[in-house]
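A quick write-up on the structure given underneath.
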Amino acid sequence: MSTATTPVHTAPDGGRPHGPEGSGGRVSGGLFDPRQLVTSLPDAFRKLDPRIMAKSPVMFVVEIGSVLTTGLALLDPGDWFGWAITAWLWLTVVFANLAEAVAEGRGKAQADTLRKAKTDTVARRLTGSTEERVPGTELRIGDLAVCEAGDIIPGDGDVVEGVASVDESAITGESAPVIRESGGDRSAVTGGTKVLSDRIVIKITTRPGETFIDRMINLVEGAARQKTPNEIALNILLASLTIVFLLAVVTLQPFAIHAGAEQTMIVLTALLVCLIPTTIGALLSAIGIAGMDRLVQRNVLAMSGRAVEAAGDVSTLLLDKTGTITLGNRQAAEFVPVTGVSEAELADAAQLSSLADETPEGRSIVVLAKERYGLRARDEGELSHAEFVPFTAQTRMSGVDVDGTTVRKGAAGAIVAWVGRRGGEVSSDAQEKVDAISAAGGTPLLVAIEDTDGPRVLGVIHLKDVVKEGMRERFDELRRMGIKTVMITGDNPLTAKAIADEAGVDDFLAEATPEDKMALIKREQAGGKLVAMTGDGTNDAPALAQADVGVAMNTGTSAAKEAGNMVDLDSNPTKLIEIVEIGKQLLITRGALTTFSIANDVAKYFAIIPAMFGAVAGYEGLDTLNIMRLASAESAILAAVIFNALIIVALVPLALKGVRYRPMSADRMLRRNLGLYGLGGLIAPFIGIKLIDLLISLIPGIG
Amino acid sequence: MSPELAGVLQLAALIGALALVYRPLGDYMAAVYSSEKHLRPEKWIYRCIGANPSSQMRWPAYLRGVLAFSLVGVLFLYLLQRVQGSLPLSLGFTAISPDQAFNTAASFVANTNWQSYSGEQSMGHVVQTAGLAVQNFVSAAVGMAVAVALVRGFARSRTGELGNFWADLVRGVVRVLLPLSVIGALVLVACGAIQNFAGIHEVGQLTGGSRQMNGGAVASQEVIKELGTNGGGYFNANSAHPFENPSGFTNLFEIFLILVIPFALTRTFGRLVGNLRQGYAILAAMGVIWLGFTALMMWTEFHHGGAALQEAGGAMEGKEQRFGVGASAIFATSTTLTSTGAVDSFHSSFTGFGGGLALLGMMLGEIAPGGVGSGLYGMLIMAIIAVFIAGLMVGRTPEYLGKKIGSREIKLAACYILITPTLVLGFTAVSMVLATPPDSILNTAGDSVNGSGAHGFSEVLYAFTSGANNNGSAFAGLNANTQWYNTTIGLAMLLGRFLPMVFVLALAGSLAEQKPVPETAGTLRTEKPLFAGLLVGAILIITGLTYFPALALGPMAEGLS
């Protein structure tokens, strides 16, 4: 998919860079390409259909106004002013449609590549032990299908037999194959992906037409888009503002007649269109589509817009420890020698014993020895006569025998037993150090040696979970945004607390069972909080369904993917934080443009009211309101209408990218956005209208 | 002492007095509305009207109580006026005409006290005291009850129950309005306001001839006229009449009475929602608007250009010598920013901008600090709108006092803010279009080119603004005692009073059913100055945008000429 989508960009200011495991070269939160405006133009005209326009009450009013002025202009074809207003009113409507079309267009490109993946596949349906070839669309829930290397998987399902490597790049954009196997949490396969090796039997779990790819296509195209709760509420507010301004303009005519200054319908229509909140009305649906799109760009599929909005409201994040907060594996953090042994001596022995240990823990010991004590890994030659003892589950230790010296490292119990068997003794000092490390939440590994001095323990290696870089800052940010983080782990409370403290999460749930998770979510929700979590296993499914925002990992089971309301194709649990930010950004963009739109009206009044009445006998005082000193009545009204139309186009990139968002407290954010969009919205049109008026007045015969 | 300094000192004294009673009165009212006990006289009343004051009402029941009680009030007051000729102590006045009786009944039940009659020439003691003065108490108590119901909607959760209308109504009268009125009336009487049931006296005048002087229970009606933000004067001259408002001190005292309950209710609100600072934020928004308007009003009245006006130390036409420009300006803003409508000077004679400020004050929806009760609920509705926009800008579903502002809440708040502009602009427009209503504009000399001109238009606009916002003050110069104006202003008053209450109570019911959202660092802090400022800005911009064209053709055209 990544190959066929819009040019690859990284967000310039659309948000933070991607998480630590970032999604590589995928399209990110959307730069705006002016060419899209041109390519989407036909769609924008198609949307002039009143049945489509009626969905946006504000723009529908503008369209009715445009029809009205067109009629009036036709009745008086010699009136250049009527034609100019008419043209710009139609442009206002087209610009609004254009914004929506551009937003949708970005999704369409992705949908097209997805459709390619959904080519009609032939399925090898298994009935009993007989295999028959049927079109993929004929598979029903519960059918079994066989796939071998080179086959396209015919539908969504779970692997019930076998193990295979699968190329899922069609949906994830990730080219490295993944392993899918029966049982466990990696059993789900997606229709349209390709089996690269081996043979698996799949049990179909979705009806044709409702598969994951089908839903993805619907989502990115915006076909399944429903208005979200806040969008509905905002629409109501905008509709009521439209009614207020309709009232103000309709009643103005009798007042004007009383003043002896009857207005033409064209001027009144122009005033109405300038006053009603067209800026936000035009961009509202584009903002919504672009918000969903920003998630898609980050490889997250939200099953509903409601979930995206809920993400902005989340006040508790449940994060799995492993993979989200810590790196997947424990690493050596420290060498603790027993009394009488130097650290360097211990480090040397530890390194020696780990040279052939290919586990991540073993490698981390070698790295620590090199970084902390400058011990370089010895060459093969130096140790050609060494005999390495690999780690086994039975011995629970590994080591090396070289030049009559035997070095072993391993779990405390195993090493103590080993030393004991060889007639040595383990000092109480070593035992104390082991206990201390355990108590601090770490994992102790004992290092023992047997040489001319006999068998003895040299010291302890302190293994611990390593918190990913930058996580503490992230959690601090979340705290400032008012979001509480809870770490979920299967570790014992002691270990959990140590990691929780180090990572800076607010709370933790240790020795967590799925039931515990569920209880925690319900407890938080009972207090009115919205909870977000990630999960992949079948036993996560109930909790994912219960959470307000449940992000299922694409690697997970189909039960988990069904239960959550988002799927992360990258299976990167850290992305939950980005999802929350996108949700917030969506709401902020709406609020900011609403504020901007309303604030704009002040300047338009100052342009249009003096133009209407400034020259009327007895009302000359109103010309004082013409503080912009616009050239003529016609140019003033036209300038306001043109500004009103152009500001829509000017704000399309902002609507699509979303306003700049950085985590900060509500107070600071409000101050910033009020200053930018409230105050800016007051001032900008004064400047814009003046400039447009200057240009218009240069046209001969107008100024 | 210069008149300017005197005005500023009076303003300072007023603010000091209000600050002094803010806490005790606000806390006392909170206690009154949350008390479990019923006083003995209250129990008698409950027995009489057959109400169970301990039962809890959901919003439809509460609304039915409000509407039924008010309907009975309108009918009773209408009948009382229609049979006046047969009543004792009627001073020889006969029945009021049907359209004027309807207008007056609507006016007093809607807490507006628009008067198309002139008290001393048409209303006897019984109608004044048993009819009008009683409605002055109960219509104010109804407003306070609805405000308390809305506050309960914020304070309660997972219930639809908003309290008991009858208990709230009776308590408002018995425990709040009556005791304060007794104290207030004593002060007024001590300072020279009259209180008797005397007839009409013929009094000889220095310049020869004679004039009629009415007696009456003036002080007792005067005090509730201000305290309940009613505004209907015993005499046509209202608070400019020396029997109602004898001195500079009583003038200041009456302004104090107008403002004291609406401001103190913000404390009651803070108490009842369990967060005093939320109440202070609302108080701050109200206070800033009130003080700003007062300062502008004083400025424009003192410094209006023109040699004659400068010589008089400001625009003195239509103002009482004993009050002066400063106190008149404070009274004018206080009476139009609350839904009072009492006047101690004639708004029609104010400068163009001064008249515009009085108009704009009412157009804000009577919320700064507004009518008793209605000011608080009106301001809370604006707070909901402001929270909605600001809430989106901090990236969360907007919430106010722990309650989510979703589409249902926005729908109800939007309906609320649509009502008065529709009534004001709609009725004014129709009045300008029809053939005869413009004839009521008496002030046709203003502009030879355009007939009645901007000022005449302002008079009509003012009348409907005053009616629909339940203010009751008038821009003199409009003959409102015609069938058209009696009927339309009567309708504007009733619809402008009770339709908003429908939406307020529905909103209260919807809020009370919600479960509260806990506050986090991501929550918009509605008790901070930033939000209070945003609220003020939202109110001014939304009102300004709605009425800009109308204001431009009225007071602005006049003020800028």
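Quote to one decimal, in nm, the extra length available between B:Asn236 and B:Asn52 on full extension: 0.36 nm per residue of separation minus the C-alpha distance between them.
Working: separation 184, 0.36 × 184 = 66.24 nm, distance 4.09 nm.
Between B:Asn236 and B:Asn52, full extension yields 62.2 nm more.
Each residue of segment B:10-19 in order: what ³J(HN,Hα) in whole Hz does its phi give by Karplus 6.51 cos²θ - 1.76 cosθ + 1.60, θ = phi - 60°, with x for Gly and Pro?
Each residue's phi maps through the Karplus curve to give 4, 4, 4, 4, 4, 5, x, 5, 5, 5 Hz.
Determine the order of A:Asp570, A:Asp453 by accessible area, beginning with the largest, at a probe radius of 1.4 Å.
On the way: A:Asp570 45, A:Asp453 115 Å².
Accessible-area ranking of A:Asp570, A:Asp453, largest first: A:Asp453, A:Asp570.
Excluding residues fewer than 8 places away in the same chain, name every one of the aspartates and glutamates whose C-alpha is closer than 16 Å to that of A:Lys529.
Once the sequence-local aspartates and glutamates are set aside, what remains near A:Lys529 is A:Glu309, A:Asp313, A:Asp506, A:Asp507, A:Asp548, B:Glu399, B:Glu519.
Between A:Val67 and A:Thr39, what FRET efficiency comes out of the Förster formula 1/(1 + (r/R0)^6) with R0 = 22 Å and r the beta carbon distance, rounded to 0.05?
Values: r = 27 Å, r/R0 = 1.23.
So the FRET efficiency works out to roughly 0.20.
So what does log10 I(q)/I(0) come out to for segment A:289-341 at q = 0.15, 0.16 Å⁻¹, using the Debye formula with one equal point on every Cα and no solvent?
-0.66, -0.71
Pop out the ³J(HN,Hα) list for segment B:532-549 in order, Karplus 6.51 cos²θ - 1.76 cosθ + 1.60 with θ = phi - 60°, rounded to Hz; leave Gly and Pro as x.
4, x, 4, 4, 4, x, 4, 4, 5, 5, 5, 5, x, 5, 5, 9, 3, x
Can you send over the solvent-accessible area of A:His258, 1.4 Å probe, protein chains only, in Å² to the nearest 10?
40 Å²
On average, how much accessible surface per residue is there in segment B:372-560, in Å², for a 1.4 Å probe, leaving out ligands, DNA and RNA?
Values: 4850 Å² over 189 residues.
On a per-residue basis, 26 Å².
For chain B, what relative contact order do you get, as a whole percent, if you take Cα pairs closer than 8 Å and at least 6 residues apart?
Relative contact order here is 20 percent.
About its Cα centre, what dipole magnitude does segment A:180-335 give when the only charges are +1 on Lys and Arg Cβ and -1 on Asp and Glu Cβ, stated in debye to the nearest 20?
Values: 14 positive and 13 negative charges, 117 e Å.
Roughly 560 debye for segment A:180-335.
Of the beta bridges DSSP finds with both residues in chain A, what % are antiparallel, to the nearest 5?
Counting DSSP beta bridges with both partners in chain A, the antiparallel share is about 75 percent.
Taking the mean number of other Cβ atoms within 10 Å as a proxy for protection, how do you rank A:207-216, B:320-329 from highest to lowest?
On the way: A:207-216: 17.8, B:320-329: 22.6.
Taking the mean over residues of other Cβ atoms within 10 Å, the ranking is B:320-329, A:207-216.
Cα to Cα, under 13 Å, and not fewer than 8 places away if on the same chain: which aspartates and glutamates meet these conditions relative to A:Lys604?
A:Lys604 reaches A:Asp693.
In segment B:143-250, what trypsin sites (Lys or Arg not before Pro) fall in a loop by DSSP, with at most 15 other Cβ atoms inside 10 Å?
Details: sites: B:Arg152, B:Arg156, B:Arg158, B:Arg171, B:Arg175, B:Arg211, B:Lys225; in loops: B:Arg156, B:Arg158.
Here the sparse-neighbourhood loop sites are B:Arg158.
Rounded to the nearest 500, what is the 222 nm mean residue ellipticity of chain A from helices alone, with -39500 (n - 2.57) per DSSP H run of 4+ residues and division by all residues?
On the way: 25 runs with 340 residues, N = 703.
Taking each H run of at least 4 residues, the total per residue is -15500 deg cm²/dmol.
Given the pairs A:Lys227/A:Lys321; A:Lys370/A:Lys409; A:Lys194/A:Lys561, which are separated by over 24 angstrom at their Cα positions? Numbers along the way, then the final one.
Numbers: A:Lys227/A:Lys321 35 Å; A:Lys370/A:Lys409 18 Å; A:Lys194/A:Lys561 20 Å.
Checking Cα-Cα distances, A:Lys227/A:Lys321 exceed 24 Å.
Kirkwood Rh, chain A, all Cα pairs: how many Å?
Working: mean 1/r = 0.0335 Å⁻¹.
Averaging 1/r across every pair of different Cα atoms and inverting gives 29.8 Å.
Taking K and R as +1 and D and E as -1, what net charge do the other residues with C-beta under 10 Å from the C-beta of B:Ala193 add up to? Could you put the intermediate results ahead of the total?
On the way: positive: none; negative: B:Glu222, B:Glu244, B:Glu254.
Surrounding charge for B:Ala193 is -3.
To the nearest 0.05, what FRET efficiency results for B:Gln212 and B:Leu79 with a Förster distance of 35 Å applied to their C-beta separation?
0.80
So how far apart, in nm, are the two label points at A:Asp435 and A:Thr405 if each is 7 Å from Cα heading toward Cβ?
With each label point 7 Å from Cα toward Cβ, the separation is 3.1 nm.
Carbon-plus-sulfur fraction of the accessible area of the protein assembly as shown, 1.4 Å probe, in percent? Show your work: numbers first, answer last.
Values: 27460 of 45580 Å².
That share works out to 60 percent.
Could you compute the FRET efficiency for B:Ala435 and A:Val250, with r as their C-beta to C-beta distance and R0 at 22 Å, rounded to 0.05?
On the way: r = 20 Å, r/R0 = 0.91.
The calculated FRET efficiency here is 0.65.
Give, as a single signed number, the net charge of other residues whose beta carbon lies under 13 Å from the beta carbon of A:Ala333, with Lys and Arg counted +1 and Asp and Glu -1. Display every interim value, and only then the final one.
On the way: positive: A:Arg330, A:Arg372, A:Lys464; negative: A:Glu334, A:Glu361, A:Glu371, A:Asp465, A:Glu502.
Taking every Cβ under 13 Å from that of A:Ala333, the sum is -2.
Once you treat every alpha carbon in segment A:579-703 as an equal point and sum by Debye, what is log10 I(q)/I(0) at q = 0.10, 0.12 Å⁻¹?
-0.40, -0.54
Which residues' amide hydrogens lie under 5 Å from the amide hydrogen of A:Thr485, considering only partners 5 or more residues apart or on another chain, with H built in the peptide plane?
Amide H neighbours of A:Thr485: A:Leu317, A:Asp506, A:Asp507.
When the helices in chain B are scored as -39500 (n - 2.57) per DSSP H run of 4 or longer and the sum is shared across all residues, what 222 nm value do you end up with, to the nearest 500 deg cm²/dmol?
Numbers: 20 runs with 338 residues, N = 561.
So the helix-based figure for chain B works out to -20000 deg cm²/dmol.
So what are the three principal axis dimensions of segment B:372-560 from its Cα atoms, in whole Å, longest to shortest?
The Cα atoms of segment B:372-560 stretch 63, 34, 25 Å along the principal axes, largest first.
Taking amide hydrogens as modeled 1.01 Å from N in the peptide plane, which residues meet the under 5 Å criterion relative to B:Tyr400, leaving out close sequence neighbours?
B:Ile405
Relative to the first principal axis of the alpha-carbon coordinates of chain A, what is the inclination of helix A:493-503, with its axis defined by its Cα atoms, in degrees from 0 to 90 and to the nearest 10?
Rounded to the nearest ten degrees, it is 50.
Using modelled backbone amide H atoms (1.01 Å from N, in-plane), which distant-in-sequence or interchain residues come within less than 5 Å of A:Asp320's amide H?
Those lying under 5 Å, H to H, from A:Asp320 are A:Ile488, A:Thr534.
Which of A:Thr322, A:Thr405, A:Thr339 sits closest to the plus end of the dipole of the protein assembly as shown, meaning its Cα is farthest towards the positive end, when Lys and Arg get +1 and Asp and Glu get -1 on the C-beta?
A:Thr322
Just to confirm a number: summing +1 for Lys and Arg and -1 for Asp and Glu over residues other than B:Met382 whose beta-carbon lies under 15 angstrom from that of B:Met382, what do you get?
Numbers: positive: none; negative: B:Glu366, B:Glu409.
My count for the surroundings of B:Met382 gives -2.
Under a 1.4 angstrom probe, counting protein chains only, how are B:Tyr485, B:Tyr22 ranked by accessible area, largest first? Working shown, then result.
Details: B:Tyr485 0, B:Tyr22 25 Å².
Solvent-accessible surface, decreasing: B:Tyr22, B:Tyr485.
If contacts are Cα pairs under 8 angstrom and at least 6 residues apart, what is the relative contact order of chain A in percent?
Relative contact order, chain A: 15 percent.
State, as an integer percentage, the relative contact order of segment B:372-560 based on alpha-carbon contacts under 8 Å between residues 6 or more apart. Walk me through the numbers before you get to the answer.
Numbers: 195 pairs, mean separation 55.4, N = 189.
Across segment B:372-560, relative contact order equals 29 percent.
Relative to the first principal axis of the alpha-carbon coordinates of chain A, what is the inclination of helix A:575-613, with its axis defined by its Cα atoms, in degrees from 0 to 90 and to the nearest 10?
Computed tilt is about 10 degrees.
Taking all pairs of different Cα atoms in segment A:524-633, averaging 1/r and flipping that mean, what Kirkwood radius in angstroms comes out?
Computed over Cα pairs of segment A:524-633, the Kirkwood hydrodynamic radius comes out at 18.1 Å.
Which whole-number percent of Cα pairs in chain B have a distance greater than 46 Å?
On the way: 14423 of 157080 pairs.
Result for the distance tail: 9 percent.
How large is log10 of I(q)/I(0) for the protein assembly as shown at q = 0.04, 0.08, 0.09 Å⁻¹ when the intensity is taken from the Debye formula with one equal scatterer per alpha-carbon?
-0.33, -0.97, -1.12
Could you give the length gained on full extension between A:Ala617 and A:Ala393, defined as 0.36 nm per residue of separation minus the Cα-Cα distance, in nm? Each step should come with its number before you reach the end.
Working: separation 224, 0.36 × 224 = 80.64 nm, distance 10.10 nm.
Gain on stretching A:Ala617 to A:Ala393: 70.5 nm.
Over all directions, how big on average is the projection of the convex hull of the alpha-carbon atoms in segment A:366-470, in square nanometres? Don't skip to the end; give the middle numbers.
Details: hull surface 33.3 nm².
Averaged projected hull area, Cα only: 8.3 nm².
The values are calculated or read from the model by the stated rules, or taken from the named source; none is laboratory data. Keep in mind the model is a prediction, meaning the values are calculated, not measured. Note that each Cβ is placed from the backbone with ideal geometry, even for glycine, and that neighbours are counted across all protein chains shown. Quick note on the areas: whole protein, heavy atoms, side chains included, nothing else; ligands and nucleic acids left out. Shrake-Rupley method; radii C 1.70, N 1.55, O 1.52, S 1.80 Å.
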